[in-house]
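Read-outs: derived from the displayed coordinates by stated rules, not from any lab. Since we're looking at a predicted model, the values are computed, not measured. Because the Cβ atoms are built from the backbone with ideal geometry, glycine has one as well, and the counts that use them run over all protein chains shown.
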Amino acid sequence: MNIAARRFRRSRTSVLMVALFASAFAMLAASAPAGAVLWGGSGANDLGPGTILFKVQNGRATIKSVQAIMSCRDTSDGTYSDRAFDVVNGPTDTLNRNRFGFNFSRSSGGRQGHIRLTGRLGSNGRGTARLDLTAVGRDFSTDSVIERCQASVEYRLRRGRAG
């Protein structure tokens with residue numbers, strides 16, 4: 001075998017080894033879990049401000065905190081009052097084209113609420129979320145509804161630093 005043939009063989013082997021390492025590294029990087037990214041924001045309705053915080057990781061969004069002010073009507077005398085509603089460590093939803101849709105129930109301040117939260121996380125680090133909340137307060141001794149509440153809030157979201 002002449003010198004030119006040996007050099008070609010070595011260079012071809014080197015190129016194959018580099019390609020093999022590069023593809024192995026690419027597969028490793030693709031299978032490694034992405035770091036958590038926080039998304040948060042604020043919004044308001046006619047009653048007051050609200051805040052929201054998500055953790056997004058591996059295509060899934062988890063509610064860390066949601067706060068809103070809701071309007072409640074007393075069923076006995078019809079008077080209205082404002083009440084806070086908050087959720088801490090809420091459920092997780094799979095993102096679909098960076099969109100989420102939560103639909104769940106939680107209690108806060110003695111009221112059982114049903115929450116529908118929809119929105120979109122933009123690739124530019126900004127997004128939106130909409131909260132629709134209905135809740136009822138019950139008299140524990142009679143289990144009758146003593147208060148009906150509702151709230152709607154639009155949140156403006158921003159992406160935080162990777163965690």
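Given the criteria over 22 Å from Asn103 (Cα atoms), of a type outside the set (A, V, I, L, M) and either part of a strand (DSSP E or B) or in contact with a His (Cβ under 9 Å, 6 or more places away or on another chain) (or both), does Gly137 qualify? No. Taking the criterion of being surrounded by fewer than 13 Cβ atoms within 10 Å (Cβ to Cβ), in contact (Cβ under 8 Å) with a residue 12 or more places away in the chain and out of contact with any Gly (no Cβ under 9 Å at 6 or more places or on another chain), the residues of the stretch 70-96 that qualify are Ser76, Val88, Asn89.
Within 12 Å of the chain's Cα centre (by Cα) and in a strand (DSSP E or B): is that true of Thr118 in this structure? Yes, satisfied. Of all residues in the stretch 32-43, those being part of a strand (DSSP E or B) and exposed (fewer than 15 other Cβ atoms within 10 Å of the Cβ) number 1.
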